[in-house]
């Protein structure tokens, strides 16, 4: 067990039976009171924010988390099958780790997954993805008002809004966090 003074921003702790990631950790020394550590932590599973004051000598459980690059192979129901790029080991991880960005995952893309004692706890995808448009309505001639958008379906099956000049077969760059069109891919 470690002491509260060993905690750093970004550490993963076992706190009240849950895994939390430390977002902000400040040492406070109020005038005539004892010093303490003020921590703002986010629950890894639920995303809830937790604030807590640690005594300076309080024992904490800092967890060892291994983060690595993996390659997304295929979809398997509520899970994704990923492969370690160095050892070629395959793992099945829940789709929920990636949130809404899972809609833009294409086979062969690199993802980052964090494991805590063989259990996947966090996942992230690249900030943007280059995807091909598989279906979109043709633009209506004369409908060229500034900023006009139309619906389009990308190769992963997700639906996004794109400018009128985008056609079937074009490759576009999509922001994976928001699902917004960024630009036409070169």
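In the set (1) loosely packed, with under 15 Cβ neighbours inside 10 Å; (2) over 19 Å from the mean Cα position of the chain (by Cα); (3) outside the structural domain of residue 115 (by TED's automatic domain parsing), residue 86 fails one condition alone, (3).
Evaluating residue 167 against the criteria (1) surrounded by 12 or more Cβ atoms within 10 Å (Cβ to Cβ); (2) outside any loop (DSSP other than H, G, I, E, B); (3) outside the structural domain of residue 79 (by TED's automatic domain parsing) leaves one unmet condition, (2). Residues considered: 13, 97. Of these, the only one that is touching a strand residue (DSSP E or B) at 6+ places or on another chain (Cβ under 6 Å) and under 30 Å from residue 152 (Cβ atoms) is 97.
Restricting the first member to region 50-70 and to residues that are in contact (Cβ under 8 Å) with a residue 60 or more places away in the chain, and the second to residues that are surrounded by 16 or more Cβ atoms within 10 Å (Cβ to Cβ), the beta-carbon pairs closer than 9 Å and six or more apart or on different chains are 61/13; 61/15; 62/7; 62/11; 62/12; 62/13. The criterion of at least 1 residues that are farther than 28 Å from residue 20 by Cβ is met, among strands (runs of 3 or more DSSP E) falling completely within region 51-156, by 66-76, 79-84, 90-94, 128-136, 149-154. Of all residues in region 144-166, those being more than 20 Å from residue 108 (Cα to Cα) and either in contact with a strand residue (DSSP E or B) (Cβ under 7 Å, 6 or more places away or on another chain) or free of Cβ contacts under 8 Å to residues at least 24 places away in the same chain (or both) number 16.
Yes or no, residue by residue, for (1) at pLDDT 95 or above; (2) outside the structural domain of residue 113 (by TED's automatic domain parsing); (3) out of contact with any helix residue (DSSP H, G or I) (no Cβ under 6 Å at 6 or more places or on another chain); (4) over 23 Å from residue 116 (Cα atoms):
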{"position": "32", "(1), (2), (3), (4)": "no, yes, yes, yes"}
{"position": "39", "(1), (2), (3), (4)": "no, yes, yes, no"}
{"position": "45", "(1), (2), (3), (4)": "no, yes, yes, no"}
{"position": "49", "(1), (2), (3), (4)": "no, yes, yes, no"}
{"position": "55", "(1), (2), (3), (4)": "no, yes, yes, yes"}
{"position": "79", "(1), (2), (3), (4)": "no, no, yes, no"}
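Among all positions in region 118-126, there is at least one residue which is surrounded by 16 or more Cβ atoms within 10 Å (Cβ to Cβ) and in contact (Cβ under 8 Å) with a residue 60 or more places away in the chain. Residue check: is residue 98 modelled with pLDDT under 90, closer than 20 Å to residue 127 by Cα and buried (at least 16 other Cβ atoms within 10 Å of the Cβ)? Yes; evaluated as a whole, the condition is true for this residue. Among the residues making up region 1-20, those that are touching a residue at least 40 places away in the same chain (Cβ under 8 Å) and within 13 Å of residue 43 (Cα to Cα) are 11, 12, 13, 14, 15, 19.
The values are calculated or read from the model by the stated rules, or taken from the named source; none is laboratory data. Worth saying up front: this structure is predicted, and the values here are computed from it rather than measured. With ideal geometry, Cβ positions are generated from the backbone for all residues, glycine too; neighbour counts draw on all protein chains shown.
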